[in-house]
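Working notes, structure below.
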Amino acid sequence: MSAKPKIKDLLDESACEHNKTKKATCNTPTPGATTGGCAIDGAQIALFPFADAAHLVHGPMTCLGGSWETRLTGTSWTGRDLTQMGFTTDININDVVFSGEERLAEAIAYIVSNYSPQAVFVYSTCVTALIGDDLDLVCKQASAQHGIPCVPVHAPGFVGGKNLGSRLAGEAVLRHLVGTLEPEETTPFDINLIGDHNVTGDMWQYKPLLDELGIRVLSTLSGDGRISQIRTAHRARLNVIVCAKALVSLTRKMHEQYGIPWISCSFYGKRDTSNGIMAIAEALGDAALIERTRQLIAREEARLEERLVPYRQVFAGKKAVLNTGGNKAWSIASALQDLGIEVVATSVRKSTEDDKVKAREYLGEKGVLMTTPATQQAKIIDETGADLLLAGGRSLYTAIKKRIAFTDVNQEKKKSYGAYNGLLTLAEDLKNSLQNPVFALVGRKAPWEK
């Protein structure tokens, strides 16, 4: 296997049923509109939850951006959380002319000496990719010198958007980490969780249920992940993609190389959580496990319904507009429907084709799939009489203008809405928003303006 992935091959994903619809390499800028994050952004989002690894950006200081403490979700790693640090080689004009490879080798040595990581991820940038620095060679020599994996991540921003960056991160992990270490023991119920980055601790909501069933999470990519565990991922019995499909190439290749089957699940809301846990049990194929899973689901759903009783009356007849991104276009919509709230519109501007299909499935033919939510959401609120807007912080002003309740559901939120307990948290937040008098008062004219 070549050490460096071919972008053309990654854009041709046979495991994706919408493979033929899009093979563009970049987001096309639109005058007057902002664009999403680039490939290096997506790669770092995918790998940052490995708190026991150092993340080194080989490029100008600006490519590191505001990475200091960008990972708000904590880690159960008891050592130093290295995602709270920002490492860069900060190359200069002299490096551009004469190569930055020596500076990169010195940076890796400094990090290993001072921070003792379990691995070092080295991200290429537009500048270092264009000047031709040989990341593979430097990382190979550094791995041999320091005795830990030094992983080149070829995701310079110019190759494409965040989704492609996540895919490139998966390629780096597959080529340089998976299969490089044997686990101390294996069980018939070992699984890998792929694509859950444990934002606000979502994974910690449903992992205890898997533990109770005897399903062992052998490794994660990369929510609350460990380098030593992902190196043993080739011994899992099942790969579980959680919500996102950006890492489907990784699971397809692990199926081809190691014979590991894969399924896709969501753990937002009651229905999807129950379906996800049952899908895992059925994929593992043990009759006793499946029966235990049925009993656990029945118990948890009954407990959940009992605790949701006070909220049902508050949510009766309420309509919501959802303006978020990616898989949340349908996964949070599912959770809202479980609470008895009608979702009249959802944004699919940043969603994959697969996400759009699922969004249509959940909202039905009458639901609006917004492609330009910034201009559509206010009009849809008026037309549908929506009571609630769930979105990122920038949409708060739309809710204020329309005098309807608002709840922040983007990744900047501080609470988890994952699994059964997360649905209760979401219900409490929505109830507080709907009953908060400020949204009805803030848009009124002052007494002296009447």
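The values are calculated or read from the model by the stated rules, or taken from the named source; none is laboratory data. Please read all numbers here as calculations on a predicted model, not as lab measurements. Quick reminder, even Gly has a Cβ in these numbers, built from the backbone with ideal geometry, and neighbours come from all protein chains shown. Heavy atoms of the whole protein, side chains included, go into the accessibility calculation; ligands, DNA and RNA do not. Shrake-Rupley method; radii C 1.70, N 1.55, O 1.52, S 1.80 Å.
Distance between the modelled labels on V96 and T375, one decimal in nanometres: 3.7 nm (7 Å Cα→Cβ projection). The Cβ shell under 14 Å around E305 holds other residues with a net charge of +2, Lys and Arg each +1, Asp and Glu each -1. Largest GNM mean-square fluctuation among V112, V173, V321, using the chain with Cα springs under 10 Å: V112. The label point for E212 and the one for V309, both projected 7 Å from the Cα toward the Cβ, are 2.0 nm apart. Taking T78, T324, T89 in turn, the Gaussian network model of the chain (Cα-Cα springs below 10 Å) assigns the largest fluctuation to T78. Calculation over all alpha carbon pairs of the stretch 347-450 in 5 angstrom steps from 0 returns a P(r) of 2, 11, 17, 20, 22, 17, 6, 3, 2, 1, 0 percent. Could you work out how far helix 202-213 tilts from the main Cα principal axis of the chain, as a 0 to 90 degree angle to the nearest 10? Compared with the principal axis, the helix lies near 90 degrees. Pairs with C-alpha atoms separated by more than 20 Å, drawn from the list K6/K253; K162/K415; K319/K401, are K162/K415. Only one residue of G160, L396, P188 has its Cα farthest out toward the positive end of the dipole of the chain, where Lys and Arg carry +1 and Asp and Glu -1 on Cβ, and that residue is L396.
Taking all protein chains together and rolling a 1.4 Å probe, M61 ends up with roughly 100 Å² accessible. For the residues R394, R312, a 1.4 Å probe over the protein chains yields an accessible-area ranking, largest first, of R394, R312. If R0 is taken as 35 Å, the Cβ-Cβ distance between L72 and K4 corresponds to a FRET efficiency of 0.60.
Taking a ≥ b ≥ c as the square roots of the eigenvalues of the Cα gyration tensor of the stretch 136-219, is the shape rounded (a/c under 1.5), prolate (a/b larger than b/c) or oblate?
Taking the square roots of the gyration eigenvalues as a ≥ b ≥ c, the stretch 136-219 is oblate.
The overall shape of the chain is oblate: from the C-alpha gyration tensor, with semi-axes ordered a ≥ b ≥ c, the ratio a/c is 1.5 or greater and a/b is no larger than b/c. Does the stretch 263-321 classify as rounded, prolate or oblate by the C-alpha gyration tensor (a ≥ b ≥ c root eigenvalues; a/c under 1.5 gives rounded; else a/b over b/c gives prolate, otherwise oblate)? Cα axes put the stretch 263-321 in the oblate bin.
DSSP beta bridges fully contained in the chain are about 5 percent antiparallel.
Our estimate of slack between A288 and N436, defined as 0.36 nm per intervening residue step minus the Cα-Cα distance, is 48.5 nm.
Ordering G317, V127, P261 by Cα displacement along the dipole of the chain toward the positive end leaves G317 in first place; charges were set at the Cβ atoms of Lys, Arg (+1) and Asp, Glu (-1). In order along the stretch 183-194, phi translates into HN-Hα couplings of x, 5, 8, 10, 10, x, 10, 7, 10, 10, 9, 10 Hz, rounded to whole numbers, per the Karplus curve 6.51 cos²θ - 1.76 cosθ + 1.60 with θ = phi - 60° and x for Gly and Pro. Protein-only accessible surface at a 1.4 angstrom probe places the residues L181, L238, L441 in the order L441, L181, L238, largest first. Could you give the longest part of the chain that holds none of the GluC sites (Glu not before Pro) found in DSSP loops with at most 14 neighbouring Cβ atoms within 10 Å? The answer is 186-364. Computed over the stretch 58-197, the convex hull of the alpha-carbon atoms projects to a mean area of 9.7 nm².
Computed from Cα atoms alone, the Kirkwood hydrodynamic radius reported for the stretch 184-293 is 13.8 Å.
Between R360 and T187, the modelled labels are 4.1 nm apart [label points 7 Å from Cα along Cα→Cβ]. Our estimate of slack between A302 and D81, defined as 0.36 nm per intervening residue step minus the Cα-Cα distance, is 75.7 nm. When the chain is described by a simple charge dipole with +1 on each Lys and Arg Cβ and -1 on each Asp and Glu Cβ, the residue from L434, L56, W77 located farthest towards its positive end is L434.
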